[in-house]
Amino acid sequence: SICYLDGSYQPLTEARISPMDRGFLFGDGAYEVIPVYSRRPFRIAEHIARLGRTLDAVRIPNPHAAAEWETIVGELVARNAWVDQSIYLHVSRGPDERRNHAFPAVMRPTVFLMSEALVTPSAEVLASGVAAVSAADFRWARCDLKTTALLANCLLRQVAIDKGCAETVLFRDGFLTEGAASNIFIVRDGVLLAPPKSHLMLPGITYDVVLELAARHGLKHRVREILEDEVRTAEEVWLTSSTKEVLAITSLDGRPVGDGRPGPVGREMHAWYQEFKN
Ligand code: PDD
């Protein structure tokens, strides 16, 4: 596949960065994952805006205006063969002469984008839903930033993988935050519930789309703190992300969610999402 690195499009296998890059040494960077359907990036303005917010918060100078980012993404999509793609966009604080926690006096951010085939959940997975485990959310207090320092997320995701599950549902101080790489919604008494945006979760682009679709279609929904016990006794639990879209979690810690099959509210939301993304 073709990637983009610091101004040039090249085969991914030929791309090289310095080991002195702070993205490598410190996980010092910001990223986005943007889904592309039928060669059209989905919600790109929102992804680029969130990137800008992360870069501002971690004090990496944003190397491009929004229109330039959209041009780079568009060109990368055109240079890759897949109709549906997942674009990974990464900006690190760049290289320095020596390893030093303090920022370099002059920052030269490294810009890297690559494309992969976008593989959304198959019909079989959608029909069965996925199994999840739970874990205590031990990440830092700025989970609202989409930074490349994802060691905690990797460790937490691996807890699920080691048990043959797809995702780890995170609880902090008895409340639902999100998944290791997804946002989590639940349904109780037919009402869709979502945890409020805070420093403890990523403000998902898909999360926003789901709440917009709920409003548009008149589905009752509330954004409020969700207790761990409310998740464990919910009728439905879903995960959402740019690559997984809307996916039912049908077992949690080995116990069925609801009747153990994807519920009607989630199936409806998935259908609305499919209609909306095209
Ligand atoms: N992850 N929460 C976390 C911790 C995430 O990593 C993600 C996405 C989400 C969902 O956000 P969005 O709807 O904007 O994709 C929530 C991406 C896909 C990843 O790291 O691969």
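The values are calculated or read from the model by the stated rules, or taken from the named source; none is laboratory data. Predicted model, so just to flag it, every value in this text is computed and none were measured. Note: ideal-geometry Cβ built from the backbone for every residue, glycine included; neighbour counts use all protein chains shown.
If you take the residues in the range 235-245 that are over 9 Å from residue 121 (Cβ atoms) and assigned to a strand (DSSP E or B), which one is farthest from the ligand (Cβ to nearest atom)? Filtering first and then ranking leaves 236. Residue check: is residue 176 assigned to a loop (DSSP other than H, G, I, E, B) and surrounded by 21 or more Cβ atoms within 10 Å (Cβ to Cβ)? So residue 176 fails the test.
Can you list the strands (runs of 3 or more DSSP E) lying wholly within the range 1-92 that have 1 or more residues being under 24 Å from residue 120 (Cα atoms) and hydrophobic (A, V, I, L, M, F, W, C)?
Details: elements: 2-5, 8-11, 29-37, 85-92.
Fully inside the range 1-92 and qualifying: 2-5, 29-37, 85-92.
May I ask you to verify whether residue 208 is touching a helix residue (DSSP H, G or I) at 6+ places or on another chain (Cβ under 9 Å), surrounded by fewer than 18 Cβ atoms within 10 Å (Cβ to Cβ) and either without any contact (Cβ under 8 Å) to a residue 60 or more places away in the chain or assigned by TED's automatic domain parsing to the domain that holds residue 143 (or both)?
yes
For the range 166-196, the set of residues classified as closer than 21 Å to residue 276 by Cβ and within 13 Å of the ligand (Cβ to nearest atom) consists of 182, 183, 184, 185, 194, listed by residue number.
Residues of the range 179-200 that are surrounded by fewer than 23 Cβ atoms within 10 Å (Cβ to Cβ) and more than 17 Å from residue 219 (Cα to Cα): 181, 196, 197, 198, 199, 200.
Give the range 235-254 a look and list any residue that's touching a Gly at 6+ places or on another chain (Cβ under 9 Å), acidic (Asp, Glu) and buried (at least 21 other Cβ atoms within 10 Å of the Cβ), or say none. The one that is touching a Gly at 6+ places or on another chain (Cβ under 9 Å), acidic (Asp, Glu) and buried (at least 21 other Cβ atoms within 10 Å of the Cβ): 236. Suppose the filter is more than 13 Å from the ligand (Cβ to nearest atom), in contact (Cβ under 8 Å) with a residue 24 or more places away in the chain and either more than 25 Å from residue 86 (Cα to Cα) or out of contact with any Asp or Glu (no Cβ under 6 Å at 6 or more places or on another chain) (or both); does residue 123 pass it? No: the conditions fail for residue 123.
Checking the structure you have, find out if any residue of the range 227-234 is within 13 Å of the ligand (Cβ to nearest atom) and either surrounded by fewer than 16 Cβ atoms within 10 Å (Cβ to Cβ) or not assigned by TED's automatic domain parsing to the domain that holds residue 31 (or both). For the range 227-234, residues within 13 Å of the ligand (Cβ to nearest atom) and either surrounded by fewer than 16 Cβ atoms within 10 Å (Cβ to Cβ) or not assigned by TED's automatic domain parsing to the domain that holds residue 31 (or both): absent. No other residue among 141, 152, 181 is assigned to a loop (DSSP other than H, G, I, E, B) and under 30 Å from residue 6 (Cβ atoms) apart from 181.
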